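What follows is a set of notes on a single structure, which appears directly below.
The values are calculated or read from the model by the stated rules, or taken from the named source; none is laboratory data. As the structure is a computational prediction, the values presented were derived from the model and not from experiment. Backbone-built Cβ (ideal geometry, glycine too); neighbour counts: all protein chains shown. When the accessible area is computed, the model is the full protein with side chains, heavy atoms only, and any ligands, DNA or RNA have been set aside. Shrake-Rupley method; radii C 1.70, N 1.55, O 1.52, S 1.80 Å.
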Amino acid sequence: MNKLSTNDIRKIWLDFFEAKGHNVEESASLIPNNDPTLLWINAGVAPLKKYFDGSVIPKNPRIVNAQKCLRTNDIDNVGKTARHHTFFEMLGNFSIGDYFRDEIIPWAFELLTSDKYFGIDKDLLYFTIYPTDESTLKAWIEVGVNPKHIIRTNYNFWEIGEGPCGPCTEVFYDRGESYGDFGVEVMKNDIENDRFIEIWNIVFSQFNSSPELDRRNYPELPNKNIDTGMGLERVACVLQEVETNYETDTFKTIIDQIVSMTNIPYTGQMSYKVISDHVRTVVFSVSDGAVLSNEGRGYVLRRLLRRAVKHGKSLGLNKPFLFKLVDSVIEAMGGFYSYLKENKELVQKVIKLEEEKFFETLGKGEKILEDMIKENNNKKLTGEQAFTLYDTYGFPLELTVEICEGYNVKVDQKGFKEEMNKQKERARGARKGFASMKSQNEAFINFKGQDTFTGYETLTEETKVLKSFPEGVVLERTPFYAESGGQVADKGTIEFGEEVYQVLDVQKLPNGQFLHQLENNVLTDGSQVLAKVDNRNRELTMYNHSATHLLFAALREVVGSHVSQQGSNVSSEALRFDFNNFDSLNDKTLLKVEEIVNNKINQNIIVDVKERTIKEAKEMGAIAEFGEKYGDSVRVVNMEYTVDLCGGTHVSNTGVIKQFCIASIENKGSGIYRIVGHANEAVSNIKKQFVGLNKEMDKLDLKVEKILEDAKQNNIELEFNFNRNEEIIGSYQDIINKRIEFNTLGDLARELDKQYKELLKEQVFKNIDSLVEQAVDNKLVIRLEDIDKNSLRPLVDRLSDHLQNGVVFAANVNGDKVTFICKSNDKAHHAGNIAKAAAMIAGGNGGGRPDMAQAGGKDVSKVDEALEKVRELLS
């Protein structure tokens with residue numbers, strides 16, 4: 001048997017089948033493309049479904065690949081068994097209606113046993129087949145397999161629902177008695193063991209399954225297919241003759257780096273396995289554009305990362321460390337997956353930020369969990385407690401369960417789910433009333449009448465009321481757009497004779513009809529009405545909606561193709577666009593995005609809007625709106641620069657948008673960012689972003705006015721010239737300019753304050769000689785009025801310098817308060833005691849060191865009495 005590296009095995013596989021006429025298909029991203037049925041690519045065949053279902057005809061019906069895969073159904077087994085992983089590579093070769101059994105079995109045997117390739121001893125290989133599959137039995141025997149090594153099993157039939165299916169044959173490798181005293185019955189009964197390792201599965205897709213038929217009567221497919229899968233990590237374990245997948249070269253590279261961090265030798269510990277597996281998954285997923293979050297695939301990644309961190313802590317790694325392992329993942333796998341090197345810094349940054357965030361809450365959460373366990377006397381953790389850990393401290397339920405296992409404590413997982421459902425109900429209740437009304441109003445649910453939307457063609461419609469509800473009416477034909485796809489509903493009126501109803505909102509009912517919400521609705525079924533959409537409101541909304549599409553395309557161009565829509569809201573006043581990214585966008589990037597959108601507006605691009613089949617739309621590269629579902633026929637909005645599926649209202653030419661500006665960007669958390677922008681005349685709304693800064697600038701203006709007023713009262717002349725810029729150009733540059741203006745005003749105000757205080761000190765110090773002359777026996781006791789607090793201490797210091805071995809005591813009256821300062825160069829007089837005595841007379845307190853002290857008083861009428869007390873103490 002040839003001892004091969006993981007990279008060599010992959011290369012031999014691809015080269016072998018390429019030599020047999022296969023096209024090498026590059027591994028698809030872990031994030032499925034246009035396949036809502038999958039959270040992740042979880043099998044080698046998954047990205048090739050378009051070929052097997054006939055929607056796309058491959059250039060070559062023979063395909064080979066090494067596909068990245070991610071499965072999460074066995075997370076809890078990762079690290080506990082020899083072969084479970086979340087991320088793995090599946091080697092596959094496929095025939096789309098071309099070759100079949102007579103070709104693949106000789107090729108498989110050649111690849112497995114020839115010294116030119118894997119060189120496995122054929123006597124150590126076993127093959128399972130479906131009981132009635134005589135053709136496969138014959139084919140294996142013909143290439144030289146011992147019939148005693150061919151086992152019939154009932155589970156060797158691949159079938160998922162209705163459609164293509166067929167028997168399969170699995171290849172097992174016998175690792176010998178040292179891995180267990182088992183016989184072939186473990187393969188026959190599909191029993192998990194460490195001796196007989198399945199390394200390859202070959203599916204003969206030759207029948208068309210039907211629920212009405214017995215399997216024996218399935219009709220044959222006109223074009224038979226081959227679909228095979230070989231787990232790269234499994235075959236590497238066999239060829240490298242190591243005990244588990246975690247001792248293969250790829251994992252060893254990562255584990256060695258972990259060992260260098262912990263200084264604890266690897267002897268098969270579960271934590272090393274979990275960390276090495278999970279860090280591979282996170283590195284590849286983030287490199288492929290996934291974002292860590294609290295839902296969907298983002299939640300899966302967050303759960304994996306936090307589980308790895310928890311296992312790191314058990315090895316003594318008590319600060320972020322996973323981000324450092326990115327280097328070892330690249331060292332192990334970057335040769336074949338070169339894009340990992342390109343994304344290294346980005347991936348490290350994302351992982352480090354997530355680790356730091358988790359470490360902040362992990363210690364606190366674990367302590368609270370321990371307290372909960374003690375509180376429960378080491379009995380079952382309640383669902384409410386588990387939910388508190390999840391909701392407040394970010395603990396996934398699985399992590400809580402895992403920690404509790406260490407204490408032999410069970411978790412009420414059913415109770416946790418009940419608490420989770422309660423939270424969902426609370427969230428539903430917090431939504432706007434109409435959404436709640438739709439789910440509860442039986443009249444809405446039972447209404448089946450059909451209306452027609454005419455708003456793409458007209459903004460007025462003479463029509464009749466199809467159905468009247470207390471909340472509003474459904475019209476037979478309506479020009480009003482109902483809120484959907486991120487676009488808010490049209491505004492306008494419904495006229496009935498001389499009565500005019502304002503349309504407050506338009507929402508879709510459970511069966512899809514448009515409900516026009518009216519105040520004090522008294523219209524009845526069959527009433528003849530005139531529906532009129534507010535033309536200007538519709539136009540402004542269209543400008544913002546079309547600009548949103550251009551913005552999305554510009555973000556993909558400037559920021560990266562990983563950017564995807566995470567939500568939007570479009571109205572007449574603004575557009576709001578949520579997207580995923582690994583970091584916020586700086587001013588330069590936002591200005592570049594804005595510039596591109598305006599360039600596309602100025603190019604006067606004709607906007608083509610047509611109904612097309614979903615297949616035509618996909619062929620055009622159309623991008624779907626976030627969260628929307630589509631039927632066979634879709635509305636395609638083609639702006640040349642971007643092609644999108646969208647049911648909203650749009651301009652006919654980008655030129656009519658006239659102008660676009662970005663008003664703000666906001667971090668919504670979990671890698672989601674929100675841009676607010678404006679189009680056409682709505683760009684003036686950018687001023688709304690100035691409200692906060694303008695309030696702060698108003699405060700600075702008041703501060704400047706106070707300084708100037710105080711200076712005037714003290715006969716100090718100051719000059720201050722600053723004029724606010726109230727003009728805007730309708731660009732994100734306005735936001736930057738306002739920020740600069742605020743900072744400039746702040747700097748000038750601070751400089752003015754500093755200048756005033758310096759001049760005030762100079763003014764105070766001008767009278768220092770006359771004050772010194774008031775000293776008696778080298779002791780000076782004086783009353784001052786309204787001396788600036790920043791000048792008082794320096795003045796006392798200066799006076800003390802003139803009275804060597806003397807004492808200075810000053811009482812500074814400022815409004816209804818008095819400050820006492822005493823500085824003593826005479827050891828016979830304790831400054832702290834003197835200041836305290838004066839302060840107590842004036843209703844205050846204080847004191848200090850023997851050489852320097854400060855105190856305060858609240859009763860200024862007692863100042864003179866306090867000064868007399870000081871003179872008495874100094875005499």
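At a glance:
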read-out	value
Within segment 236-283, considering residues that are of a type in the set (Phe, Trp, Tyr) and open to solvent by less than 10 Å² (accessible area, probe 1.4 Å), the one nearest to Asp76 (Cα to Cα)	Tyr272
Residue within segment 783-794 that is modelled with pLDDT of 90 or more and open to solvent by less than 20 Å² (accessible area, probe 1.4 Å) present	no
Residue within segment 181-189 that is farther than 16 Å from Leu112 by Cβ, within 41 Å of the chain's Cα centre (by Cα) and open to solvent by 20 Å² or more (accessible area, probe 1.4 Å) present	no
Pairs, first farther than 21 Å from Gly815 by Cα in segment 836-853, second open to solvent by 70 Å² or more (accessible area, probe 1.4 Å) and in a loop (DSSP other than H, G, I, E, B), C-beta under 8 Å, six or more apart	Pro850/Lys827
Residue identified as modelled with pLDDT under 90, surrounded by fewer than 22 Cβ atoms within 10 Å (Cβ to Cβ) and among the hydrophobic types (A, V, I, L, M, F, W, C) among Ala617, Ala624	Ala624
Meets criteria (closer than 30 Å to Ile351 by Cβ, of a type in the set (Lys, Arg) and without any contact (Cβ under 8 Å) to a residue 40 or more places away in the chain) for Lys592	yes
Of residues in segment 223-260 being in contact with a Phe, Trp or Tyr (Cβ under 6 Å, 6 or more places away or on another chain) and without any contact (Cβ under 8 Å) to a residue 24 or more places away in the chain, the one nearest to Leu125 (Cα to Cα)	Ile255
Single residue of segment 149-161 satisfying the filter (in contact with a Phe, Trp or Tyr (Cβ under 6 Å, 6 or more places away or on another chain) and outside any strand (DSSP E or B)) that is nearest to Pro131 (Cα to Cα)	Asn156
Residue within segment 518-534 that is closer than 28 Å to Leu292 by Cβ and either out of contact with any strand residue (DSSP E or B) (no Cβ under 8 Å at 6 or more places or on another chain) or crowded, with 20+ Cβ neighbours inside 10 Å (or both) present	no
Counted residues, segment 343-384 - those being within 15 Å of the chain's Cα centre (by Cα) and either more than 30 Å from Met333 (Cβ to Cβ) or aliphatic (A, V, I, L, M) (or both)	5
Residue pairs meeting the criteria (Cβ under 9 Å; at least 6 apart or on separate chains; first closer than 18 Å to Arg297 by Cα and touching a residue at least 24 places away in the same chain (Cβ under 8 Å), in segment 555-575; second of a type in the set (D, E, K, R) and buried (at least 19 other Cβ atoms within 10 Å of the Cβ))	His562/Asp288; Gln565/Glu625; Gly567/Arg576
Hits in segment 335-348 - residues which are in contact with a helix residue (DSSP H, G or I) (Cβ under 8 Å, 6 or more places away or on another chain) and over 10 Å from Lys324 (Cα atoms)	Gly335, Phe336, Tyr337, Tyr339, Leu340, Lys341, Asn343, Lys344, Leu346, Val347
Qualifying strands (runs of 3 or more DSSP E) (wholly inside segment 480-550; at least 1 residues being within 15 Å of Thr463 (Cα to Cα) and among the basic types (Lys, Arg))	528-533
Test set (1) open to solvent by 70 Å² or more (accessible area, probe 1.4 Å); (2) in contact (Cβ under 8 Å) with a residue 24 or more places away in the chain; (3) not acidic (Asp, Glu) - Lys367 fails condition number	(2)
Those residues of segment 634-689 which are aliphatic (A, V, I, L, M) and over 19 Å from Gly486 (Cβ atoms), in sequence order	Val656, Val683, Ile686
Total residues in segment 434-464, condition open to solvent by less than 40 Å² (accessible area, probe 1.4 Å), under 38 Å from the mean Cα position of the chain (by Cα) and at pLDDT 95 or above	1
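Residues checked against (1) open to solvent by less than 50 Å² (accessible area, probe 1.4 Å); (2) more than 30 Å from the chain's Cα centre (by Cα); (3) at pLDDT 90 or above:
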position: Leu575; (1), (2), (3): yes, no, yes
position: Arg612; (1), (2), (3): no, yes, yes
position: His650; (1), (2), (3): yes, no, yes
position: Thr654; (1), (2), (3): yes, yes, yes
position: Phe660; (1), (2), (3): yes, no, yes
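This table checks each residue for (1) surrounded by 14 or more Cβ atoms within 10 Å (Cβ to Cβ); (2) closer than 25 Å to Asn93 by Cβ; (3) in contact with a Phe, Trp or Tyr (Cβ under 9 Å, 6 or more places away or on another chain).
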residue	(1), (2), (3)
Pro147	no, no, yes
Gly163	yes, yes, no
Val171	yes, yes, yes
Glu177	no, no, no
Ile197	yes, yes, yes
Ser209	yes, yes, yes
